[in-house]
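The values are calculated or read from the model by the stated rules, or taken from the named source; none is laboratory data. Values in this document were obtained by computation on a predicted structure and should not be read as measured data. Ideal geometry is used to build each Cβ from the backbone, glycine not excepted, and the neighbour counts take in all protein chains shown. Areas reflect the complete protein model, heavy atoms only, side chains present, ligands, DNA and RNA absent. Shrake-Rupley method; radii C 1.70, N 1.55, O 1.52, S 1.80 Å.
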Amino acid sequence: MTEELTVAVVGATGAVGRKMIETLETRRFPVKTLVPMASSRSAGKSVTFRGENVTVVEAQPEAFKGVDIALFSAGAKTSRALSPEAARRGAVVIDNSSAFRMDPEVPLVVPEVNGRAALGHHGIIANPNCSTIQMVVALKPIYDRFGIERIIVSTYQAVSGAGALAVEELMTLTRLQLSGEKRPAEILPVSSLPVHHSIAFNVLPQIDVFEDNGFTKEEMKMVNETRKILDDPEILVTPTCVRVPVVTGHSEAVYVETKEPFELEDVHGVLEHAPGVVVLDDPASQKYPMPADTEGRPEVFVGRIRKDLGHPRGLNLWVVSDNLLKGAAYNAVQIAELLVEQGGLR
């Protein structure tokens, strides 16, 4: 790949935006010109790319003129307003928000799982939810070999998935609790975490708002996105999404019921040869994936692989990944690489 592309990063001053820029650099993506964009509040600030400071410009339609690829991580509202404008000006948009994920005209892509879908884009490609990405990367080789009828997943999601303010809230509340102070009312609305409960030394069985069926919006994302990515509207998915006091790294306890019988050695074999998967499964030596060890790594880690005690085709997995990398920035850059390598740019 030659350095000939103009790449915009929208939301460049946020946690995921910065990871996108860092990933573009570490992956040696063919960037001729980087155009970092953000809101008017952040315009004029700078980000570092290849050792140089690059000034952030305000994200507005005219700023996308001449842009080849636009990586978006600025929230659904911004994506809905600006992604079509960027596409109209010739950019291919890779959007990290929920704005277009369930649009039937927009591919929802995890390169290791359904990378070819990206080539059918009409100017916009959606990056799936972080918790969905790591699960489908781990399950795709099992799905292809044995089939999957049902998935039951419980997530243990880091606060960075709720944004930088959520991380700040975790740190503030932890310091207060360790010092014996009570939680002051003025910090209640700091982040998008539930306002009535502390995340410090606690777990919150709510991510996003509840829907009428009793599941949260985050949980329904895992249901609907999994079906779309696997192109299997019949697969049964039952999620419970939980926020835990970890800064970076989502963990998932995943139970599946396969269509065909399996042996554990065969499961190990398909996972060990799967792209983007690292098997870390030696419980006797206390070797299994943990967020502290996977932070900064782009792969999806799988361990605690074991047969279910009651169902003859039941399989249990423990899946961990860095939610800011494979769950967001790295997956987006992978999509961009796929487009360049396979002629998917317009």
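In table form, for the structure just shown:
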item: Accessible-area ranking of 217, 45, 65, 228, largest first, probe 1.4 Å; result: 65, 45, 217, 228
item: Residues of type aspartates and glutamates that residue 259 reaches as a straight line, Cα spacing below 15 Å, ignoring anything fewer than 8 places off in the same chain; result: 144, 149, 232, 234, 308
item: Candidate residues 33, 258, 48: accessible-area rank, largest first, probe 1.4 Å; result: 48, 33, 258
item: Among 44, 91, 74 the positive-end extreme of the charge dipole of the chain (Cβ point charges); result: 44
item: Cβ-derived FRET efficiency at R0 41 Å, residue 209 paired with residue 268, nearest 0.05; result: 0.55
item: Length released on extending from residue 196 to residue 247, taking residue separation times 0.36 nm less the Cα-Cα span; result: 16.4 nm
item: Per DSSP, loop GluC sites (Glu not before Pro) in region 1-93 with at most 12 further Cβ within 10 Å; result: 3, 4
item: Centroid-to-centroid separation of region 230-297 and region 122-166 [C-alpha atoms, Å]; result: 10 Å
item: Over region 132-321, relative contact order from alpha-carbon pairs under 8 Å, at least 6 apart, %; result: 29 percent
item: Using θ = phi - 60° and Karplus 6.51 cos²θ - 1.76 cosθ + 1.60, couplings along region 295-303 (whole Hz; Gly, Pro as x); result: 4, x, 9, x, 7, 9, 9, 10, x
item: Sequence-distant lysines (8 or more away, or on other chains) whose Cα lies within less than 26 Å of residue 326; result: 19, 32, 77, 140, 217, 221, 228, 287
item: Region 132-321, dipole about Cα centre (Lys/Arg Cβ +1, Asp/Glu Cβ -1), debye to the nearest 20; result: 380 debye
item: 5 angstrom amide H check on residue 240, placed H, neighbours 5+ away; result: 153, 154, 155
item: Rounded FRET efficiency, nearest 0.05, which uses the C-beta distance separating residue 308 from residue 33 and R0 of 51 Å; result: 0.45
item: Structure-based [θ]222 nm, the chain - -39500 (n - 2.57) summed over DSSP H runs of at least 4, per residue, nearest 500; result: -9000 deg cm²/dmol
item: Antiparallel bridges, percent of DSSP beta bridges restricted to region 132-321 (to nearest 5); result: 70 percent
item: Overall form of region 246-346 per C-alpha gyration tensor (a/c, 1.5; a/b vs b/c); result: oblate
item: Estimated dipole of the chain in Debye, rounded to 20 [Cβ of Lys and Arg +1, of Asp and Glu -1, Cα centre]; result: 720 debye
